[in-house]
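Quick notes on the structure that follows.
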Amino acid sequence: MAFSIRTRLTFWYVTLLTVSLIGFGAAFSYSLLKIYMYRTDNQISSVANMMVHTVVKPSGQMFLPRDFDIILERFFGIRTAGNYIQVLDPLGQTVARSSNLEGMRLPITRDTYHAAVNGATTFEIIQNIGKYPVRVVTKPIFVPEKGLVAIVQVGSSLEGIDEVFHSLAYIFMLGAAASVIIASAVGWFLAKKALKPVSEITKLARKIEAENLNERITIEVPKDEIGQLASTINEMIARLEKSFKQIKQFTGDASHELKTPLTILKGEMEIALRSKDDIGAMREALRSSLEEIDRMNYIVRNLLDLAKMDVEKESLPKESVDLDKLLKERLEHFRRLALDSGIEMYILKSIPLIVRGDRVRISQLLSNLIDNAIKYTPSGGTVELSLFEEGAQAAFRVRDTGVGISKEDAPYIFDRFYRVDKARSRDVGGAGLGLSICKGIAEAHGGTLEVASVPGRGSTFTARLPLAAAPAA
Ligand SMILES: Nc1ncnc2c1ncn2[C@@H]1O[C@H](COP(=O)(O)OP(=O)(O)OP(=O)(O)O)[C@@H](O)[C@H]1O
Ligand SMILES: [Mg+2]
């Protein structure tokens, strides 16, 4: 079963907290126990040592007073209260015990007894006398020449630690349970807060369509990971919105551009139909219709070019194209048109430069720029073509002395269907697609297209294409 990130985050958070609390509790209890044991052992050890000196005289004689715990306290100042004291003979039989044992005896196991006989002191915990466990030290007393004369046992009840432990465990359990409950609630809340943008993204993505691309995700913390994700998605939606707008604009413009010649065509046909026997009028209507059909043909062809360019970008042919040769060829092609328009056109300079790409498209790029220069330059002007190297790029430049482009229009001339002088452009036959095709071709080849212009003085268009890598020598 798949849980939400929020559930998982909270779960891990709470699990981690619980494990660390238990770990901390265990380490704390263990240390406490160790310290307590250490102190208890020290205490019973010192009582046992004193016992050794009380029970055995320097002469080696045994001395066993009845209430030796009282004597210990009175003469040696050792706190024996609460300590059980027992003295055994070398055979392990009890010979004396402190009054607080009241008829009970501290048991001695076989192992402990053997250890004592062998001279070793043993610390152990004995469970089954009284209500609480008792920590007992068993210490043999040896006298030179006589050997083992007695075994002393001193015990201390672990009642204190037992109580402390129980209270601590109780407090700790309560505290841990409360912390875990609070932590789960806080974790659940924090996870929700942190993941809020994610659910917003989900909600928005679910309802987004072409119609509401203007919607954006509200970002509370723009710098964190989720904030960055949200702003990336916002940027993506913004790009989508822009593309959609462009497509809408383009479809609108294209339909409009095609509708005009169609309307004219329809009008001409109606005139032809109505003109009955007037052959002259009929011929004129047909001639005019043909012109409109040419225009439509031109627009549709260019639109197809543009559409293809969008699709072909990745699969452009990679032929070697000699720009110098291509430029001379284009000059020849346009020589007649320039002459007829009363324009002097020449190549200022040109050097052999090779680029890699689609020959037909690059030729189209040069043609469109030259065509514009001739079209937008009045009779008597000049069009100057040059081809030169600029860094790793080949630069093709068309400079004319024509009407120029104002600062306001310059940013838009590369847009589809954009024409500066709409009325005049119809006479010269432009659809406003040439430059957008040029830009598309330049960019598809990894190049650029720029314009610099002074209205009334002329324009300069520069197309830059990356040079083909020099063939290995
Ligand atoms: N060399 C130039 N001098 C002055 N204006 C220019 C020049 N080249 C382009 N323009 C302006 O930019 C507009 C867009 O040019 P573009 O080549 O895209 O369209 P067009 O020439 O009008 O039509 P098409 O190229 O589709 O036949 C033109 O209408 C014109 O106003
Ligand atoms: Mg043009």
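Numbers for the structure displayed
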read-out: Test: residue in the stretch 91-110 that is in a strand (DSSP E or B), within 23 Å of Ser59 (Cα to Cα), in contact with an Asp or Glu (Cβ under 9 Å, 6 or more places away or on another chain) and in the same structural domain as Ser46 (by TED's automatic domain parsing); value: yes
read-out: Selection status of Glu408, in contact (Cβ under 8 Å) with a residue 60 or more places away in the chain, more than 16 Å from ligand 2 (Cβ to nearest atom) and more than 29 Å from Val311 (Cα to Cα); value: no
read-out: Test result for Pro140, open to solvent by 60 Å² or more (accessible area, probe 1.4 Å) and closer than 30 Å to Arg105 by Cα; value: no
read-out: Qualifying position, being surrounded by 13 or more Cβ atoms within 10 Å (Cβ to Cβ), touching a helix residue (DSSP H, G or I) at 6+ places or on another chain (Cβ under 6 Å) and charged (D, E, K, R), among Glu344, Glu319, Glu312; value: Glu319
read-out: Qualifying residue in the stretch 437-448 (condition: assigned to a strand (DSSP E or B), more than 8 Å from ligand 1 (Cβ to nearest atom) and at pLDDT 90 or above); value: yes
read-out: Count of the stretch 235-293 residues which are among the acidic types (Asp, Glu) and assigned to a loop (DSSP other than H, G, I, E, B); value: 2
read-out: So Lys325, is it out of contact with any Leu (no Cβ under 6 Å at 6 or more places or on another chain) and modelled with pLDDT of 95 or more; value: yes
read-out: Residues being under 16 Å from Leu348 (Cβ atoms) and in contact (Cβ under 8 Å) with a residue 40 or more places away in the chain - total across the stretch 375-405; value: 15
read-out: Selected residue [open to solvent by less than 30 Å² (accessible area, probe 1.4 Å), within 16 Å of ligand 2 (Cβ to nearest atom) and either in contact with a strand residue (DSSP E or B) (Cβ under 6 Å, 6 or more places away or on another chain) or not charged (D, E, K, R) (or both)] from Ile370, Ile362; value: Ile370
read-out: Top-ranked residue of the stretch 380-428 - restricted to ones that are part of a helix (DSSP H, G or I) and either touching a Pro at 6+ places or on another chain (Cβ under 6 Å) or modelled with pLDDT under 90 (or both), ranked as farthest from Ala469 (Cα to Cα); value: Ala423
read-out: Residue tally, condition in a helix (DSSP H, G or I) and either among the charged types (D, E, K, R) or in contact with a strand residue (DSSP E or B) (Cβ under 6 Å, 6 or more places away or on another chain) (or both), over the stretch 314-330; value: 8
read-out: Count of residues meeting criterion [open to solvent by less than 100 Å² (accessible area, probe 1.4 Å), farther than 23 Å from Leu433 by Cβ and not hydrophobic (A, V, I, L, M, F, W, C)] in the stretch 255-292; value: 7
read-out: The stretch 199-220, residues that are open to solvent by 80 Å² or more (accessible area, probe 1.4 Å) and within 24 Å of Arg6 (Cα to Cα); value: Lys203, Arg206, Lys207, Arg216, Thr218, Glu220
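The values are calculated or read from the model by the stated rules, or taken from the named source; none is laboratory data. The structure presented is a predicted model; accordingly, all values stated were derived computationally and were not measured. Cβ sites come from the backbone with ideal geometry, for glycine too, and all protein chains shown count toward neighbours. Remember, those area values only see protein heavy atoms, side chains included, never the ligands or the DNA or RNA. Shrake-Rupley method; radii C 1.70, N 1.55, O 1.52, S 1.80 Å.
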